[in-house]
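S.K.: So that we are looking at the same thing, I have put the structure below in structure tokens.
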Amino acid sequence: MRTQLPLKKRLRREWDIHLMIIPGVLLLFVFSYLPMYGVVTAFQDYNLFKGFADSPWAGTKHFRMFFHSPDFWTIMRNTVVVSLLKLIFSFPAPIALALLLNEVGKAAFKRIIQTVSYLPHFLSWVIVGGFVISMLSVDNGSINILLMKLHLIDEPVNWLSESNYFWGILIASNVWKDIGFASIVYLAAISGIDPHLYESASIDGANRFRQMFSITVPSIMPVIVIFMILAVGNVMNAGFEDILILTNNGVNAIVRNVSDVIDTYVYRIGIQNQRFSYAAAVGLFKSAINVLLLIGANRLARRSGQSLW
């Protein structure tokens, strides 16, 4: 049995490898840990000119203001609903795409599909949002033109000003943008499956559909579980850039009853209205919920033998 070397000997022998991680650790410390001191803003009546040291202490005042705000339930409903819709549709979509691409026999066709599906990920939400807005335009939008040609509607519909359609447009845009790039990890996991498993299943009479659900899916299940834990831990992150772009930087107040989530609310209240302490309290509340969800999801996943820690 191989014994593990003491820490000092490993550091002495692998000093060059440990040296390479120092820039990453410093980057993480400077941009992720040092800014955490700013959390104290949520418990102060923060004054930009007085700073952290001289701003008066407010305790849980701003948290109570948020909980009693008339917008609280609307914002929480929108955040939870949008997050769950993204989890239901955006999470399994790249898995399905990876499974389907794995079944494609022609390499050239497979590369074309991968390129086309990956491309939207490398476009900013400004471009993607502009593309979606253009397609749904009342004047010359291709969607309205197509539906009118098919006699499904009699006159153009202002899709982005209808509350009933906003969630569907938002989720469809997210799936289209991220489905290709997110499938890369699952394709990599699939490529690591032993081919002999498929050969054995084929000899036993299993068709491709049966092999997919009996071999491919169980083999990549550890990867799926890990990404599911991370997705659940981000449930309260319903989106920011996508919603901001599709609502014209929040100017489109007609759909605010369905588009206003915690992140856009913090931006509007904290940045535009300069209520920094209140916005920090709302952001801290969201982060606390995410941490609790992450811990809960990890504990549930541990029962199946897969967890982050």
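Yes/no per residue for (1) surrounded by fewer than 20 Cβ atoms within 10 Å (Cβ to Cβ); (2) within 22 Å of the chain's Cα centre (by Cα); (3) part of a helix (DSSP H, G or I):
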site: P218; (1), (2), (3): yes, no, yes
site: P222; (1), (2), (3): yes, yes, yes
site: F227; (1), (2), (3): yes, yes, yes
site: N237; (1), (2), (3): yes, yes, no
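S.K.: Taking region 249-273, which residues are without any contact (Cβ under 8 Å) to a residue 24 or more places away in the chain and not in a helix (DSSP H, G or I)? Break it down into steps so the answer makes sense when it comes.
M.R.: Start the filter on region 249-273 by keeping residues that are without any contact (Cβ under 8 Å) to a residue 24 or more places away in the chain, which leaves 249-251, 253, 256, 266, 268-273.
If the condition is that a residue be without any contact (Cβ under 8 Å) to a residue 24 or more places away in the chain and not in a helix (DSSP H, G or I), then N249, G250, V251, N273 are the ones that fit.
S.K.: Could you tell me how many of the residues in region 132-179 are farther than 24 Å from S83 by Cβ and open to solvent by 40 Å² or more (accessible area, probe 1.4 Å)?
M.R.: Within region 132-179, the first condition is being farther than 24 Å from S83 by Cβ, and the residues that meet it are 134-135, 137-158.
Remaining after also requiring open to solvent by 40 Å² or more (accessible area, probe 1.4 Å): 134-135, 138-140, 142-143, 145-146, 148-152, 154-156, 158.
The qualifying residues number 18.
S.K.: For I133, are the conditions met, namely being more than 30 Å from F209 (Cβ to Cβ), at pLDDT 90 or above and out of contact with any helix residue (DSSP H, G or I) (no Cβ under 9 Å at 6 or more places or on another chain)?
M.R.: no
S.K.: Here's a follow-up. Go through region 275-309 and give me each residue that's outside any helix (DSSP H, G or I) and either on the phi < 0 side of the Ramachandran plot or touching a residue at least 12 places away in the same chain (Cβ under 8 Å) (or both).
M.R.: Just the residues of region 275-309 that are outside any helix (DSSP H, G or I), to begin with: 275, 303-309.
If the condition is that a residue be outside any helix (DSSP H, G or I) and either on the phi < 0 side of the Ramachandran plot or touching a residue at least 12 places away in the same chain (Cβ under 8 Å) (or both), then R275, R303, S304, Q306, S307, L308, W309 are the ones that fit.
S.K.: Can you tell me how many residues in region 187-202 are assigned to a helix (DSSP H, G or I) and in contact (Cβ under 8 Å) with a residue 24 or more places away in the chain? Don't jump to the end; show me each part of the working.
M.R.: Taking region 187-202 first, the residues assigned to a helix (DSSP H, G or I) are 187-191, 195-202.
Still in the list and also in contact (Cβ under 8 Å) with a residue 24 or more places away in the chain: 187, 189-190.
Summing the residues that are assigned to a helix (DSSP H, G or I) and in contact (Cβ under 8 Å) with a residue 24 or more places away in the chain in region 187-202 gives 3.
S.K.: Mind checking which residues of region 93-143 are among the hydroxyl-bearing types (S, T, Y) and assigned to a loop (DSSP other than H, G, I, E, B)? Don't jump to the end; show me each part of the working.
M.R.: The initial filter retains those residues of region 93-143 that are among the hydroxyl-bearing types (S, T, Y), namely 115, 117-118, 124, 134, 137, 142.
S124, S137 - these are the residues of region 93-143 that are among the hydroxyl-bearing types (S, T, Y) and assigned to a loop (DSSP other than H, G, I, E, B).
S.K.: Here's another thing I want to ask about it. Just checking, how many residues over region 145-179 are part of a helix (DSSP H, G or I) and closer than 23 Å to V251 by Cα? Lay out the reasoning, then the answer.
M.R.: Residues of region 145-179 part of a helix (DSSP H, G or I): 145-149, 159-161, 163-179.
From what is left, the residues that are closer than 23 Å to V251 by Cα are 159-161, 163-174.
Looking only at that region, the number is 15.
S.K.: Kindly list, by first and then second residue, each pair from a residue in region 133-161 that is of a type in the set (S, T, Y) to a residue that is open to solvent by 80 Å² or more (accessible area, probe 1.4 Å), limited to pairs with Cβ atoms under 9 Å and residues at least 6 apart or on different chains.
M.R.: Final answer for the pair search is S134/N140; S161/I254.
S.K.: Take I184 and tell me if it is assigned to a helix (DSSP H, G or I), open to solvent by less than 70 Å² (accessible area, probe 1.4 Å) and more than 28 Å from T247 (Cα to Cα).
M.R.: Details: assigned to a helix (DSSP H, G or I): yes; open to solvent by less than 70 Å² (accessible area, probe 1.4 Å): yes; more than 28 Å from T247 (Cα to Cα): yes.
Answer is yes for this residue.
S.K.: I'd like the full set of residues that are among the small types (G, A, S) and either surrounded by 12 or more Cβ atoms within 10 Å (Cβ to Cβ) or part of a helix (DSSP H, G or I) (or both), limited to region 32-90.
M.R.: Here is the first cut: in region 32-90, the residues among the small types (G, A, S) are 32, 38, 42, 51, 53, 55, 58-59, 69, 83, 90.
Matches in region 32-90: S32, G38, A42, G51, A53, S55, A58, S69, S83, S90.
S.K.: Further question: With respect to S117, determine if the residue is in contact with a Gly (Cβ under 6 Å, 6 or more places away or on another chain), open to solvent by less than 40 Å² (accessible area, probe 1.4 Å) and in contact (Cβ under 8 Å) with a residue 60 or more places away in the chain. Give the steps one after another, and end with the answer.
M.R.: Values: in contact with a Gly (Cβ under 6 Å, 6 or more places away or on another chain): yes; open to solvent by less than 40 Å² (accessible area, probe 1.4 Å): yes; in contact (Cβ under 8 Å) with a residue 60 or more places away in the chain: yes.
When the stated conditions are applied, S117 passes them.
S.K.: While we're looking at this one, here's another question. Just to be sure, is G250 closer than 30 Å to D54 by Cα, surrounded by 14 or more Cβ atoms within 10 Å (Cβ to Cβ) and not hydroxyl-bearing (S, T, Y)?
M.R.: Numbers: closer than 30 Å to D54 by Cα: no; surrounded by 14 or more Cβ atoms within 10 Å (Cβ to Cβ): yes; not hydroxyl-bearing (S, T, Y): yes.
Against the criterion (closer than 30 Å to D54 by Cα, surrounded by 14 or more Cβ atoms within 10 Å (Cβ to Cβ) and not hydroxyl-bearing (S, T, Y)), G250 does not qualify.
The values are calculated or read from the model by the stated rules, or taken from the named source; none is laboratory data. What you see is a predicted model, and the numbers here were worked out from it, not measured in a lab. Methodologically, a virtual Cβ is constructed for each residue, glycine included, from the backbone with ideal geometry; neighbour enumeration extends over all protein chains shown. Just the protein is used for accessible areas: all its heavy atoms, side chains included, with ligands, DNA and RNA removed. Shrake-Rupley method; radii C 1.70, N 1.55, O 1.52, S 1.80 Å.
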